[in-house]
Amino acid sequence: MAARRISSLLSSSATSLGRFSSWGRRINSFGTAAAAIDEPIHPSIQIDHTQLLINGQFVDAASGKTFSTVDPRTGDVIARVAEGDLEDINRAVAAARKAFDEGPWPKMTAYERSRIMLRFADLLEKHTEEVAKLETWDNGKPYEQAANIEIPMVVRMFRYYAGWADKIHGFTVPADGQHHVQTLHEPYGVCGLIIPWNFPLLLYSWKVGPALACGNTVVLKTAEQTPLSAIYVSKLFHEAGLPPGVLNVVSGFGPTAGAALSSHMDVNKLSFTGSTATGKIVLALAAKSNLKPVTLELGGKSPFIVCKDADVDKAVELAHSALFFNQGQCCCAGSRTLVHESVYDEFVEKAKARALKRVVGDPFKTGIEQGPQIDNEQFKKILKYIRSGIESGATLESGGEQFGSKGYYIQPTVFSNVQDDMLIAKDEIFGPVQSISKFKDLEEVVQRANASSYGLAAGVFTQNIETANTLTRALRVGTVWINCYDIFDAAVPFGGFKMSGQGREKGIYGLSSYLQVKAVVTPLKNPAWL
């Protein structure tokens, strides 16, 4: 698949706001364009599976406990889901261990593993509408985003890694002396995978895809806020021919199910995506147990740098989508907008105008750019940061309040005159809050951009190739997007520097996270050559 800008749908949907008038479009106190939130649309999908998936079977939690997953548009309960705990993790790990040690998956030909993954991708593509509805209902992201961008990307990711399954090989290594040396790339065994709530299925594909392609078996813990889509698609995976025990899904909470998986002595590899604070806990639990290797994709406070020669109109639109995409709930969001002083005033006015046009409303409605935040906890956290920005002296250009009176909607918020010591400039807000600062020259912006504990991504907007090259090499981040943002092609690696994580996901680099290297040395008697 060609590189796709994940925010392209949002950009295009902003071009024709007139079509929203039939929904009672109104202007709130800061002018944000909005589709009036009437009675929420009820998605036409039935939730059939809310249990744990262990050894190919849907089962209740050992304790019999369940928890609520809620609709962020209203706070109403969507369904009660099985609450996995230590005993359920033990059952799932035992099933995965048996499937690895005794079962067919790692002993199956790589080509057959590839065929099963491809059949799953076909099934997932066939059920795009149902899966996207679940993702939107449980998460709050726009349905158009889920159906037209994210689910196709998930399908592409599984097809990409299915293609790698029978192309994983080692090397023949020349040695000093009469020895034949080869390397084998082997699966770890049982992989514990912990996915977040902001992109449940996208991260599902980033982890499950390479883990299974390499011949591992999996125990997946879903985020407690968004368990439904992973359960649904894992059922499809078994319909595609996945053997029992190869992929087990446990819904539950971090301190219980997540901690049990992270510290389990029979889990050989761990991969976690989430906050930096939780990542530290996961890493510590892994180290204290069996020292299992851990891949971490954590928080970010990514700089978006607008240079003096930038096309301001294009930079405004790109910076807008870089921050507000997915309700701002994106680890690599361009949440520090650094603008050269010569174009700063123009940029701020146009960024404000763009935010005021952003369409907020029920994510199941056509043309909606922004739905609700994930839950009440995140909603309150974002509003607290907004208050902090106001109190610390930043200029509130737009938004700043709850949108509507029901659900977890927040107005698209823009701050200017943001100083580096303000919390809104330092902390990962994970919400629709754009912070704009000015800079004088490249030396200053490099120093400020790098003066962060995070190092996940950066955006650079310039027409000067020398400027782009300088910033590309100077910025201490895992991804630099030049005159683009949020390119998540299946082949492009993703991960962070510093406290934004360790290891890489996607592309050929993602395979190394799920493979061990073994050297094999054999003496040669009277070799014809060395």
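Could you figure out which of (1) open to solvent by 60 Å² or more (accessible area, probe 1.4 Å); (2) over 19 Å from residue 322 (Cα atoms) isn't true of residue 503?
The number of the failed condition is (1).
For the stretch 33-92, enumerate the residues that are crowded, with 21+ Cβ neighbours inside 10 Å and aromatic (Phe, Trp, Tyr).
Hits for the stretch 33-92: nothing passes.
For the stretch 146-188: of the residues being assigned to a helix (DSSP H, G or I) and over 18 Å from the mean Cα position of the chain (by Cα), which is surrounded by the most Cβ atoms within 10 Å (Cβ to Cβ)? I'd like the intermediate steps shown before the answer.
Residues of the stretch 146-188 that are assigned to a helix (DSSP H, G or I), as a first pass: 146-167.
Pick out the ones that are also over 18 Å from the mean Cα position of the chain (by Cα) and you get 159, 162-167.
Working: 159: 21, 162: 22, 163: 14, 164: 19, 165: 25, 166: 15, 167: 11.
That would be 165.
Assess whether residue 430 counts as being in contact (Cβ under 8 Å) with a residue 12 or more places away in the chain, out of contact with any helix residue (DSSP H, G or I) (no Cβ under 9 Å at 6 or more places or on another chain) and among the aromatic types (Phe, Trp, Tyr).
Answer is no for this residue.
Could you check the stretch 501-516 and list, in sequence order, the residues that are closer than 16 Å to residue 192 by Cα and either in a helix (DSSP H, G or I) or modelled with pLDDT under 95 (or both)?
If the condition is that a residue be closer than 16 Å to residue 192 by Cα and either in a helix (DSSP H, G or I) or modelled with pLDDT under 95 (or both), then 510, 511, 512 are the ones that fit.
Inspect the stretch 300-314 for any residue being open to solvent by less than 30 Å² (accessible area, probe 1.4 Å) and within 22 Å of residue 256 (Cβ to Cβ) and give the result as yes or no. Steps first, answer last, please.
Kept after step one, since they are open to solvent by less than 30 Å² (accessible area, probe 1.4 Å), are these residues of the stretch 300-314: 300-307, 310, 312.
With within 22 Å of residue 256 (Cβ to Cβ) added as a condition, the list becomes none.
Within the stretch 300-314, none of the residues are open to solvent by less than 30 Å² (accessible area, probe 1.4 Å) and within 22 Å of residue 256 (Cβ to Cβ).
Does residue 431 satisfy being more than 27 Å from residue 209 (Cα to Cα), in a loop (DSSP other than H, G, I, E, B) and open to solvent by less than 10 Å² (accessible area, probe 1.4 Å)? Before you say what the answer is, go through the steps one by one.
Working: more than 27 Å from residue 209 (Cα to Cα): yes; in a loop (DSSP other than H, G, I, E, B): yes; open to solvent by less than 10 Å² (accessible area, probe 1.4 Å): yes.
Spelling it out, residue 431 is indeed more than 27 Å from residue 209 (Cα to Cα), in a loop (DSSP other than H, G, I, E, B) and open to solvent by less than 10 Å² (accessible area, probe 1.4 Å).
What are the residue pairs meeting all of these: first residue in the stretch 66-82, first residue free of Cβ contacts under 8 Å to residues at least 12 places away in the same chain, second residue surrounded by 16 or more Cβ atoms within 10 Å (Cβ to Cβ), Cβ atoms under 7 Å, and 6 or more apart or on different chains?
Qualifying pairs under 7 Å: 76/70; 77/70.
Name the one entry in 252, 245, 279 that is modelled with pLDDT of 95 or more, out of contact with any helix residue (DSSP H, G or I) (no Cβ under 8 Å at 6 or more places or on another chain) and either open to solvent by less than 10 Å² (accessible area, probe 1.4 Å) or among the acidic types (Asp, Glu) (or both).
Result: 279 is the single residue among 252, 245, 279 that is modelled with pLDDT of 95 or more, out of contact with any helix residue (DSSP H, G or I) (no Cβ under 8 Å at 6 or more places or on another chain) and either open to solvent by less than 10 Å² (accessible area, probe 1.4 Å) or among the acidic types (Asp, Glu) (or both).
I'd like the residue in the stretch 201-219 that is surrounded by fewer than 24 Cβ atoms within 10 Å (Cβ to Cβ) and not aliphatic (A, V, I, L, M) and, out of all such residues, is farthest from residue 251 (Cα to Cα).
215
The values are calculated or read from the model by the stated rules, or taken from the named source; none is laboratory data. Small disclaimer: the values here were computed from a predicted structure and weren't measured. All Cβ positions, even for glycine, are placed from backbone atoms using ideal geometry, and neighbour counts span all protein chains on display. Surface areas here come from the heavy atoms of the whole protein model, side chains and all, with no ligands, DNA or RNA. Shrake-Rupley method; radii C 1.70, N 1.55, O 1.52, S 1.80 Å.
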